[in-house]
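Chemist: After the structure tokens below, expect a handful of questions from me.
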Amino acid sequence: MVSADTARTILGVLGNIISLCVFLSPVPTFVQIWKKKAVEQYSPVPYLATLVNCMMWALYGLPIVHPNSLLVLTINGAGTGIEIVYIIIFLIYTAERQKRLRVLIVLLIEATFITVLTVLVLTVSGSFKERSMIVGIMCIMFNIMMYASPLAVMVPNGIGTLFGLAQLILYALFYKSTKRQIAERKSKGEVDLSGVMVVDGEDSRKVGSAPQNGRP
């Protein structure tokens, strides 16, 4: 019979393999960016959120914070490295200077936050339990942020979709009435732009062939 520790280790290794596949899933996107030499419409927000999340969990897995968490430390250390590579590629092929500057500012804020948190946890908290609880709560918060980060891309697109749907609905509602009005105007022989008279001195000529009040 498999012991509880062995089962936990097996599940942990399987979890790390799945997590590594998740971290590597954007590779086709960045291969495309590398080939086109442009980031196009892609947003750096999900990768920045994943980076700070991985750094938080790597901090949690340190022996001085939460002992016996080697699997947590290794997978999140690998995730940190992978996300840094993604962000470097993003910075290289970002044409907009302002966008590149914003990414660098966010990176600086994240690095400063992790550094300050690490120093505070190691100096203020005196026990493993306190360190694990503080860092663990922060990890959960940043984990939620990571999974919510795609909303930064989805929300604007969702709003655009709603406006587009509203336009289609308005078009469907007023299409028949507009078509009927056009038909009524044609039946009355009203002048449109194609029937405008052009007058030049003593001569006059009619542009187009639309009827005027029923007269040819």
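Chemist: Taking loop as defined by DSSP and a crowding limit of 12 other beta carbons within 10 Å, which trypsin sites (Lys or Arg not before Pro) in the stretch 1-94 fit?
Modeler: Details: sites: 8, 35, 36, 37; in loops: 37.
Answer in residue order: 37.
Chemist: For residue 68 and residue 3 in one chain, what is 0.36 nm times their gap in residues minus the Cα-Cα distance, to one decimal in nm? Spell out each step's value before the answer.
Modeler: On the way: separation 65, 0.36 × 65 = 23.40 nm, distance 1.69 nm.
Here the answer is 21.7 nm.
Chemist: Using a basic spin-label model with each label point 7 Å from the Cα along Cα→Cβ, how many nm lie between residue 133 and residue 91?
Modeler: Placing both labels 7 Å along Cα→Cβ, they lie 3.8 nm apart.
Chemist: Another question about this same structure. Points 7 angstrom from Cα along the Cβ direction at residue 124 and residue 84: gap in nanometres?
Modeler: With each label point 7 Å from Cα toward Cβ, the separation is 2.7 nm.
Chemist: Defining a contact as two alpha carbons under 8 Å apart and six or more residues distant in sequence, what relative contact order in percent does the stretch 4-149 show? Could you put the intermediate results ahead of the total?
Modeler: Working: 121 pairs, mean separation 46.5, N = 146.
Value for the stretch 4-149: 32 percent.
Chemist: If you don't mind, another one. Once a ≥ b ≥ c are taken as the square roots of the eigenvalues of the Cα gyration tensor of the stretch 67-110, is the result rounded (a/c under 1.5), prolate (a/b larger than b/c) or oblate (a/b not larger than b/c)? Mind dumping the intermediate values first?
Modeler: On the way: a/c = 7.37, a/b = 2.47, b/c = 2.98.
Judged from the Cα gyration tensor, the stretch 67-110 comes out oblate (a/c at least 1.5, b/c at or above a/b).
Chemist: For the stretch 4-149, just say rounded, prolate or oblate: build the C-alpha gyration tensor, square-root its eigenvalues into a ≥ b ≥ c, call rounded for a/c under 1.5, and beyond that prolate if a/b exceeds b/c, oblate if not.
Modeler: Oblate shape, in that a/c is at least 1.5 and b/c is the bigger or equal ratio.
Chemist: Moving on. Which whole-Hz couplings ³J(HN,Hα) result when phi for each residue of the stretch 97-102 is put into the Karplus expression 6.51 cos²θ - 1.76 cosθ + 1.60, θ = phi - 60°, listed in order with x for Gly and Pro?
Modeler: 3J(HN,Hα) across the stretch 97-102, in whole Hz: 5, 5, 5, 4, 5, 5.
Chemist: Return the FRET efficiency for the residue pair residue 35, residue 101: r is the Cβ-Cβ distance, R0 is 35 Å, and the value is rounded to the nearest 0.05.
Modeler: Calculated transfer efficiency: 0.90.
Chemist: Is the shape of the stretch 3-50 rounded, prolate or oblate, going by the alpha carbon gyration tensor and its root eigenvalues a ≥ b ≥ c, with a/c under 1.5 for rounded and a/b larger than b/c for prolate?
Modeler: Details: a/c = 7.44, a/b = 3.10, b/c = 2.40.
It is prolate, given that a/c is not under 1.5 and a/b is the larger ratio.
Chemist: Please compute the modelled spin-label separation between residue 24 and residue 145, points set 7 Å along Cα→Cβ, answer in nm with one decimal.
Modeler: With each label placed 7 Å out from Cα toward Cβ, I get 2.8 nm.
Bear in mind that the values in this text are calculations on the coordinates, not laboratory data. Remember, predicted model here, so these are calculated numbers, not experimental data. Cβ atoms come from the backbone with ideal geometry, glycine included; neighbour counts cover every protein chain shown.
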